[in-house]
Each structure stands twice: as structure tokens, then as C-alpha cells.
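These notes concern the structure reproduced below.
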Amino acid sequence: MNLSSGAILILSGPSGAGKSSLITKIIDHIGPSYFSISTTTRPMRAGEVNGTHYHFVSEEEFKYEIENEMFLEYAFVHGNYYGTSLVPVKKALKEGKLVIFDIDVQGHDAVKNRLGDITTSVFTTTPTLHELKRRLHNRSTDSEEVITRRIDMAKREVQRIGEYDYLVVNDNLDEASEILISIAKSARMKIPTLQINEFIQQWEANA
Ligand code: ADP
Ligand code: 5GP
């Protein structure tokens, strides 16, 4: 019986919580998956690669993609646009992959509204606000002004933890990765509404 189809795993949380680190650690341990590379207008950080971490575009290019309805969702975060392109996500879902999104709370809202029955969501954060500040400073990729903005945003984002299926506190990276691997494997098992009838029909046909 072939009921394999794709599913979505959303990872949200404050910038600096460790989302990228977690995704890098789990990606080879969760079966066929596709990391959705977002498009953004924010400047590239040291060490980032265009087309790997993000598609870095101008505001003009981003607005063209909005007008042509090329995004599954997009949002204005920390003064920059971020968006998820629709075409690669559709393709990966069709191929039965687990599509992983690193998107903010607004993006989570939008994806849940459109594709809620195949979506599992995880909010991740540091054990404390103090640790978040420490990581953002240690990462040394953002100016003081940007860090202050990200911390203010983080305080607002954590208020929305209750909208997510799971909370993963990223204290020890190895332990948090193990938990996320379990969640990712279960996310694949979520049955889309449309497939329930198909399953029942096939189950009964094999009397
Ligand atoms: P995000 O993608 O959420 O913005 P990053 O993955 O870039 O966060 O992590 C922010 C910083 O914190 C990086 O310097 C990373 O190496 C570090 N980091 C990530 N997870 C942990 C952890 N569990 N303990 C300590 N430092 C961590
Ligand atoms: P950063 O600049 O630290 O890479 O990301 C800033 C925030 O934007 C993070 O909360 C990240 O999850 C979010 N983000 C990244 N890509 C997207 C996207 O395509 N859509 C939305 N809504 N948020 C995104």
C-alpha cells in the first residue's frame, strides 16, 4: 500500500536560538528531506552562501516575486523581507520528502492555514534570555543595533510558543538534536485528511 507523501516540519524561534545549527545536525538522520531555502532582502552574513543559506535578492526582485504570487508565504522580519518559494516546496512534497522550514511566527501562521494537515511545528529557544544574548554576541555576525532589534523581537516571539506543537529548548545541542530527530520522524507519519479515505478503501478492499 503506497500512502507515502510529503510532510512539513516548521522550525521557528528567536534568531540566535540555534535553528540553523539544529537543522544542520539532523538533516542526514531523518530520511528523505528538503530544506526550504528562503529568499531574503537582508544582507548576507559572513560565512553565508547565496543559494545555500538563502537566495539573497534586492527589494525590487522580492516585490516582483510577491506580485507574481511566487511565495507560499512571506513576511517582513527585523526590517527585511523573507519568503518561501512555492515551486520547490510543491516539488519536494510530491516526491514524498519532509520539507523543513526555518521561518518566523508569521510564516508559521500562514503555512498552518494553508497546509495545516501535513504540518508539524516546533518552537525552539535558548534556556534563558541571557543565553540568547550571549549566543547572538558570540556569533559576531550582527551589529549591536541589529542584536538589540532581534532581542526585542525574541521577547515578542516567545509569547507565541503556545501556537506550536512542540517546544524544544536548545540547551545542549546534541540532546536537542535527538529530540528534533524524533519529532521529524513522527512528522512524516501525520496522515493528511485526503489520504484517510484512500487508506480505509484500500484496507477494506483487502478483506
Ligand atoms: P539561528 O539559526 O536560530 O539564528 P544559529 O544556529 O546561527 O541560530 O546559532 C546561533 C549561535 O549559537 C551560533 O554561534 C551557534 O554556533 C550557537 N549555538 C547553537 N546551538 C547552541 C547550543 N546548544 N549551545 C551553545 N551554542 C549554540
Ligand atoms: P535570520 O536573519 O536570523 O536568518 O532570520 C530572521 C528570522 O526570519 C528568523 O526568525 C527566521 O526563522 C525568519 N525567516 C527566515 N526565512 C523565512 C521565510 O521564508 N519566511 C518567514 N516568514 N520567515 C523567515
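No value in this document is a laboratory result; all are computed from the given coordinates. Note that the coordinates shown come from a computational prediction; the quantities given were computed from them, not determined experimentally. Here the Cβ is made from the backbone with ideal geometry for all residues, glycine too, and neighbour counts use every protein chain on show.
Just to be sure I understand the model, the point goes 7 Å from the Cα along the line to the Cβ. What's the resulting Glu95 to Leu173 distance in nm?
Here the modelled spin labels are 2.7 nm apart.
Looking at the square roots a ≥ b ≥ c of the eigenvalues of the Cα gyration tensor of the stretch 101-168, which shape do they give, rounded for a/c under 1.5, prolate if a/b is larger than b/c, or oblate?
On the way: a/c = 2.54, a/b = 2.05, b/c = 1.24.
It comes out prolate by the Cα gyration axes.
Using a 7 Å offset from Cα along Cα-Cβ at Arg156, what residues in the stretch 55-88 end up with backbone N under 15 Å from the label point?
Flagged as within label range: 75-82.
Roughly how big is the stretch 74-147's charge dipole about its Cα centre, with Cβ charges of +1 (Lys, Arg) and -1 (Asp, Glu), in debye to the nearest 20? Don't skip to the end; give the middle numbers.
Details: 10 positive and 9 negative charges, 69 e Å.
Result for the stretch 74-147 is approximately 340 debye, rounded to the nearest 20.
Which angle between 0 and 90 degrees, to the nearest 10, do you get for helix 193-205 versus the longest principal axis of the chain when only C-alpha atoms count?
30 degrees
With a/c under 1.5 counting as rounded, go ahead and sort the stretch 29-143 into rounded, prolate or oblate using the C-alpha gyration tensor (a ≥ b ≥ c being the square roots of the eigenvalues; past the cut-off, prolate if a/b is larger than b/c, else oblate).
Numbers: a/c = 1.66, a/b = 1.22, b/c = 1.37.
Cα axes put the stretch 29-143 in the oblate bin.
Among Ala187, Gly6, Val57, whose Cα projects farthest towards the positive end of the dipole of the chain, with charges put on the beta-carbon of Lys, Arg (+1) and Asp, Glu (-1)?
Farthest towards the positive end: Ala187.
Can you compute the modelled spin-label distance between His78 and Asn138, with each label point 7 Å from Cα toward Cβ, in nm?
Rounded to a tenth, the inter-label distance reads 1.7 nm.
Give me the number: length gained by fully extending Ser20 to Ser182, i.e. 0.36 nm times residue separation minus the C-alpha to C-alpha distance, one decimal in nm.
Values: separation 162, 0.36 × 162 = 58.32 nm, distance 1.75 nm.
Working it through step by step, the gained length comes to 56.6 nm.
Need the full-extension length gain, Ile191 to Glu204, defined as separation in residues times 0.36 nm minus the C-alpha distance. One decimal, nm. Kindly include the intermediate steps, with their values, before the conclusion.
Details: separation 13, 0.36 × 13 = 4.68 nm, distance 1.77 nm.
Gain on extension, Ile191 to Glu204, equals 2.9 nm.
Any lysines with Cα under 30 Å of the Lys133 Cα? List them, leaving off those in the same chain fewer than 8 positions away.
Straight-line reach from Lys133, under 30 Å: Lys19, Lys25, Lys112, Lys155.
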